[in-house]
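Below is one structure, written out as structure tokens; the observations come after it.
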Amino acid sequence: GRIWSFQEAIHVGRLLPSNFRLEASSVSRTHAVIWNDGNDWWLADRGSTNGTFKNGVQVEKQRVVGPLRESDVVQFGKVAFFIESLTGPGTTMLPCEGKPQTHKADSSSHRTETTGETALDLGPVRVGKPTQYKSLAVFPLFTENNSSVKYLLADEAVKMGVVTVGEVSKDGNVPELRVENRGDLQVLFLEGEELRGSKQNRILNTSVLIPARSSIVIPVSCVEQNRWEQNCEHSSPSLTMVGSHMRYTLKNSVYQSLRKYGRHDSDQGSVWNDVKSQQETLGVYSPTSSMEDTFVAFEEQLSEARRGLPYVEGSGGLAVAIGPQIVCVDLLDKPSTCQKVWDRLLSGLIIEEKMAGQSTSALEIADVETLLSETRLAHWEQNTTIGEGQEYRAEFNDKTASALRVEGALVHFSLVTRLVERR
């Protein structure tokens, strides 16, 4: 005879990290989830043994149903609940058996802070009509994000002369670079962004928001071999980013490193192999196996593709498919930032498109919406953060994702999928 009220995603199960725990033998350890996408409430089964039901109809495993309506009955195994109300972002449930009373339990009392796991709210996301270029399909993503977090992008800060990026010491260290921010604003470096110069060209292992008036060592991976000498005093952002295959290698290995050692280290050997494999496939010669030479070799094709895939006004992110597969999703905290980084986010993907061997993409808006729903089902782990904000990561169904949240705003969310086939 109790009523439960929630203002957050309801993770149903018998054990932690579920925030709505049911001690019934018919309920699986991790059973189901109910969540709000900013407009409606949805129900999904998480592979339970005895099933999840909506109004007596079983939900297919790992599938999403809804939207939920007041008076709906949701059942987990043999335990059923009645949806009493759906008001804004909140929902109220009560058991079907027994006369309900008016006692309300705050959902926060069911939560655990010991596992480091949490749901990540992406907020409302509307998927726009895709723009097509050969086998690339770019879906603009429209959000309500327009945060008040103030920062410069790395290339802007370097150009203004308030930020320098260089080796951590005279001898240097391959997986590290030092950022000196002498300005009064924070500076955003994006995961996968290439920094050219110093002793070797590198890419960022994770998105980092550098505090104002600070000096921070950032984790990087080398995208060049056979050079370890200073060709210029500092490293500079190149306005190019790696494609989805290398981002998956990077993000997956960083996730494993964080879980084992609490560090943002990558699998450097795999990154080098990715650069080499791409150059061999595309017929690019580089005396130092430098990823920069790949971008230089395809400069004209990059310009042509970018003209065919312009920024969509008002969008705060994008989902990109190559042929039959969505390969990555990026969300920024404001449309103005998305507009600035749109071309660089596409740069590595345009190179990958040439390797794909696909003619067109048959994916539709619903496919992107399904992926976003799947992302909302994931359990996210809060990790050690470099710089400002809080970093979260999740891995699920051959996908790996990360998010940087600052002052309540999702400054950068990114997801990449493991490529099914790669030529």
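The values are calculated or read from the model by the stated rules, or taken from the named source; none is laboratory data. Just so it is clear, the model here is predicted, and its values are computed rather than measured. When we count neighbours, we look across all protein chains shown, and the Cβ atoms used for this are built from the backbone with ideal geometry, even at glycine. We work out accessible area using only protein heavy atoms, side chains counted, and drop any ligands, DNA or RNA first. Shrake-Rupley method; radii C 1.70, N 1.55, O 1.52, S 1.80 Å.
Among residues of the stretch 35-51 that are on the phi > 0 side of the Ramachandran plot, those with a Cβ under 7 angstrom from a residue that is in a strand (DSSP E or B) and polar (S, T, N, Q), sequence gap 6+ or separate chain, pair up as 51/58. Inclusion of residue 349 among residues that are assigned to a helix (DSSP H, G or I), under 19 Å from the mean Cα position of the chain (by Cα) and over 21 Å from residue 209 (Cα atoms) is warranted.
Only strands (runs of 3 or more DSSP E) wholly contained in the stretch 165-214 count here; list those with 1 or more residues that are within 19 Å of residue 410 (Cβ to Cβ).
Passing ranges, in order: 186-189, 193-197, 202-204, 208-210.
Scanning the stretch 184-212 for residues that are open to solvent by 10 Å² or more (accessible area, probe 1.4 Å) and in contact with a helix residue (DSSP H, G or I) (Cβ under 9 Å, 6 or more places away or on another chain), which turns out nearest to residue 231 (Cα to Cα)? Restricting to residues being open to solvent by 10 Å² or more (accessible area, probe 1.4 Å) and in contact with a helix residue (DSSP H, G or I) (Cβ under 9 Å, 6 or more places away or on another chain), the top hit is 196. For the stretch 378-401, the set of residues classified as modelled with pLDDT of 90 or more and aromatic (Phe, Trp, Tyr) consists of 392 only. Say whether the condition of being surrounded by fewer than 18 Cβ atoms within 10 Å (Cβ to Cβ) and on the phi > 0 side of the Ramachandran plot is met by at least one residue in the stretch 313-324. The answer is yes, given that some residue of the stretch 313-324 is surrounded by fewer than 18 Cβ atoms within 10 Å (Cβ to Cβ) and on the phi > 0 side of the Ramachandran plot. Considering the stretch 366-393, the residues that are among the charged types (D, E, K, R) and part of a helix (DSSP H, G or I) include one that is most open to solvent (accessible area, probe 1.4 Å), namely 369.
Look at the stretch 160-182: where a residue is farther than 17 Å from residue 196 by Cα and a partner is part of a loop (DSSP other than H, G, I, E, B) and open to solvent by 40 Å² or more (accessible area, probe 1.4 Å), sitting 6+ places away or on another chain with Cβ atoms under 6 Å, you get 162/182. For residue 356, the requirement of being over 29 Å from residue 214 (Cα atoms) and open to solvent by less than 10 Å² (accessible area, probe 1.4 Å) is not met.
Residues checked against (1) closer than 25 Å to residue 126 by Cα; (2) touching a Gly at 6+ places or on another chain (Cβ under 6 Å):
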position: 49; (1), (2): no, no
position: 53; (1), (2): no, no
position: 58; (1), (2): no, yes
position: 81; (1), (2): no, no
position: 86; (1), (2): yes, no
